[in-house]
Every structure is written in structure tokens, then in C-alpha cells.
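**Q** I am attaching a structure below and will ask some questions about it afterwards.
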Amino acid sequence: MSLIEPILVPPSAVRDTRMSGGEHPSPFPLLGSERLRVQFLRSDRLTPPDRRRWANLTACAAPGNVLAADWCLSPLLEDYPARLAVVCDRAGGWIGMLPIAYERLPGTGWLGGWHTWPLGAAHAHTGLIGTPLVRAGAEHAFWEALLAQLDARPGLAGGLFADALPLDDPATLALVSLCAQQGRALHGWGGFARSAWRPDIPAKPRAEMLMRSRMEEQEALLAVAHGPLKLAFHRHAEDCGPWLAAFHALERGGGSLGAAPFAPATLRSVIAAGQQRGAVRLASLAAGETIVAMAAWLVSDARGYGLALGIDARARGFAPHRMLMRRIAKHARHEGMVQFDACAAAGTVPDLMWPEQRRFARFAVAIGGPCRRALLARAMGALDSGASA
């Protein structure tokens, strides 16, 4: 069974989550030896203790989503406020956090639900990762507590709509496993893939040879037109300001390829915070005295995540961003990375230089009682029928 196909459960097999007397079970189920509780916190009203707990969670989180780290996500939430669904242990420490908001499901016109990572244009265009920030090994407990809370108090929501879940991530696998275990319907709606790089998956020899030949030809032409190519890494704190100034100059000239939804101040905050932690890399490619391509990416647990990419629009015909990404791939291999997710927007044309495709799913998760789950199944069936028509 494919992970992105709906797991259909007949009405007779749907577990009624209500107790006798019409009451719902406790939203704070006993998981293992700890009693977990769920909070919904407004991102613009976090207290200093909340921020400390978020920072502590970042320090012990499972690898896979540095974009949800406190220092990375906080600046973005200033542009796109949301609620944070937080699962806490008995002592109040956070074991997991997921941005969430109530929104209408596109394509239905009437069905609303809890949507994860509701960050507007930033999510649509920059390819964020939709998994929660969660303690290593606590993925199953996080989803179990959150879904129990939504079962007990769903409000007007018809389901939980989880977007951009990588199929190779333990948090995604934990959600699928839990739904199967509980007999909870899990509907897929529009999975996608985007370019990635892994050292253990080489490109096809013939395609790689043709691409290398074409790239070397383009590099030679660019060198003749503007001067020899030179790659530079900007590793020092004092490099952040000049790099950002040059990058925004490329943006104003129409050369942004990956950071348009980020306000300049937001990108500056993320890069500055990442540099302090050794979690950001800045690079530029110059032809002679002219910078023709620039890139920023995040690094965590031997994984890379694309953050910003720009070119000099006057050199667009030479595809200088591909020249830069070719060099970044070599650097990633030298640095010992196990994966590099380009974090390109959904629907971006795959790059032959980055042949690996990282696959993502969008899931609609059933919550509440049988009637609510039946409405969700009906809505998702209508969406599937409309998509196939």
C-alpha cells in the first residue's frame, strides 16, 4: 500500500472516540510512564519560559527539520503568526511542537480544518518541511497526544491537514503507523517531489557526462564574457552584512530564485542566528569582479536545507546558479553530508544536476467521532473525483 493513498476504513470499523454518556476520552492520555498534555500557544504571545522550552526542544530534537528550530522559525512567525500545537511532559518540558491554524481546505469551499505549517506564501514558494520539531524517539507519542486532543475538542475542524511531510522522515512514518494502529482514516491529497542530493545515489553516467560537458562549455563562455570564475565561502560573522547587501541587490535586479517570500529583515535574522550557531553556509560565485550567483543553506545533523538562491539577471542565460550548485554539491560531499534538500517550491522543474527526488505527502487525518470522519471522507472523495475529472 502506498503511503500517499488513502487508508479507507468502513464506517463499521471506525472507532467511536466517545465514552458512555456522550463524553470524550481525556485529551491527556497516559503514554508510557508520563502523562502528556497539549497546549495551543499563540506565536506572538510566547512567554520567556515558553521560549526557553522551545530552545531546549531544539537542542534535543530529532534530525530532519532544522527549519522548525526556535532560532529559525521565530523570525518567520513574525511575518506569519500562527498557533503552536505543543505537547508537554509532566514537568512542562516540550516534547514536540507544530505550527497549526484553522483554515478552509482549498477545493472544497466548505470544509475547514486544522492545517499544519500555515505560513502562507512562505510555505507555498520556499518548500518548507512540514514535520513537527520533536524529541528523538517521541514521534509516536507526539502524534498520539495531539490527535487525542483534537478528537476530544475538534471545534469546527473536519480534520487535521498535514502538509509537506517527507516520506523518509520518522515523524511521517510514526503518523502513518499510528493511524493504522488506531483504525484512523488517512487520506492523501496531492503529494509532490523536489530535487535533492545524496552521496550514495550517483547520477546516471550518460546524463552526468552530457551535463558536465554542457556546464564546462557554459563556464568557459561566462569566463570569456566577464572574467575567470571564483567561488567564495563567507564563514565569518562580519561577512553576513555584506553578503546580504549583495544578495538583496540581486533580488532587486530580478535575480531571486528562492527567497522572495522572505522579508529582508526575516532572512537577515535567520542567517545571523544560524551563523552564530554554525548552522548556516553562505557562498557566492563571481565571474571576474561581478558576482553572478549567491546561495545560503542551513546545515544540521549532516543534512543540508536550501534557504536562498539568487543570480545576476544579466547572466541568466549562462545558468550561473547551476554552476554554483555544482560546487556546493562537491562541498557537501567533502563536508560529509548524507542529504541535501534543495527546499525548492513544489512544482519546480527537477534539475538534472540533482537527480534524486525527495518525496513528500499531504495527509488529511480523521479526527472526532464517526459523523465528522464520514464528512471528511466525503470531502476527500469529492476532491479526488474533481482531480481525476
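The values are calculated or read from the model by the stated rules, or taken from the named source; none is laboratory data. Everything numeric here is computed off the predicted structure, so don't read it as measured data. Neighbour counts are summed over all protein chains in view; Cβ atoms, including those assigned to glycine, are modelled from backbone coordinates with ideal geometry.
**Q** Could you list, in sequence order, the residues of region 226-238 that are touching a helix residue (DSSP H, G or I) at 6+ places or on another chain (Cβ under 8 Å) and assigned to a helix (DSSP H, G or I)?
**A** Once the filter is applied, which keeps residues that are touching a helix residue (DSSP H, G or I) at 6+ places or on another chain (Cβ under 8 Å) and assigned to a helix (DSSP H, G or I), region 226-238 yields 226, 237.
**Q** Keeping to region 101-117, report how many residues are at pLDDT below 85 and closer than 19 Å to residue 367 by Cα.
**A** First, the residues of region 101-117 that are at pLDDT below 85: 104-111.
Okay, now just the ones that are also closer than 19 Å to residue 367 by Cα, so 104-106, 108, 110-111.
Going through region 101-117 one residue at a time, the tally reaches 6.
**Q** Out of all the residues in region 55-70, is one or more touching a strand residue (DSSP E or B) at 6+ places or on another chain (Cβ under 7 Å) and part of a strand (DSSP E or B)?
**A** Taking every residue of region 55-70 in turn, at least one turns out to be touching a strand residue (DSSP E or B) at 6+ places or on another chain (Cβ under 7 Å) and part of a strand (DSSP E or B).
**Q** With (1) modelled with pLDDT of 90 or more; (2) more than 30 Å from residue 316 (Cβ to Cβ) as the list, and residue 189 as the residue in question, which single condition is left unmet?
**A** Failed condition: (1).
**Q** For residue 128, indicate whether it is in the same structural domain as residue 67 (by TED's automatic domain parsing), farther than 19 Å from residue 186 by Cβ and modelled with pLDDT under 90. Even if it seems obvious, please write down each step before you answer.
**A** Values: in the same structural domain as residue 67 (by TED's automatic domain parsing): yes; farther than 19 Å from residue 186 by Cβ: yes; modelled with pLDDT under 90: yes.
Yes: the conditions hold for residue 128.
**Q** In the list 46, 41, 57, 77, which residue meets the criterion of being in contact with a Gly (Cβ under 9 Å, 6 or more places away or on another chain), over 20 Å from residue 304 (Cβ atoms) and of a type in the set (A, V, I, L, M)?
**A** After ruling out the rest, the residue left standing is 57.
**Q** Same structure again: Just to be sure I understand, how many residues within region 76-100 are modelled with pLDDT of 90 or more and either part of a loop (DSSP other than H, G, I, E, B) or surrounded by fewer than 17 Cβ atoms within 10 Å (Cβ to Cβ) (or both)?
**A** The qualifying residues number 6.
**Q** For region 283-294, which residues satisfy the criterion of being part of a strand (DSSP E or B) and either in the same structural domain as residue 63 (by TED's automatic domain parsing) or surrounded by fewer than 24 Cβ atoms within 10 Å (Cβ to Cβ) (or both)?
**A** 283, 284, 286, 287, 290, 291
**Q** Mind listing whichever residues of region 133-158 are part of a helix (DSSP H, G or I) and under 22 Å from residue 73 (Cα atoms)?
**A** The answer is 139, 142, 143, 146.
**Q** Select from region 152-209 the residues that are among the hydroxyl-bearing types (Ser, Thr, Tyr) and within 25 Å of residue 384 (Cα to Cα) and write down the one among them that is surrounded by the most Cβ atoms within 10 Å (Cβ to Cβ).
**A** Within region 152-209, the match that is surrounded by the most Cβ atoms within 10 Å (Cβ to Cβ) is 172.
**Q** Still on this structure: Which of the following residues is over 18 Å from residue 308 (Cβ atoms), of a type in the set (Lys, Arg) and not assigned by TED's automatic domain parsing to the domain that holds residue 55: 214, 252?
**A** Answer to the check: 214.
**Q** Next question. Taking the conditions exactly as written (surrounded by fewer than 19 Cβ atoms within 10 Å (Cβ to Cβ), farther than 30 Å from residue 189 by Cβ, at pLDDT below 90 and not acidic (Asp, Glu)), does residue 253 satisfy them or not?
**A** yes
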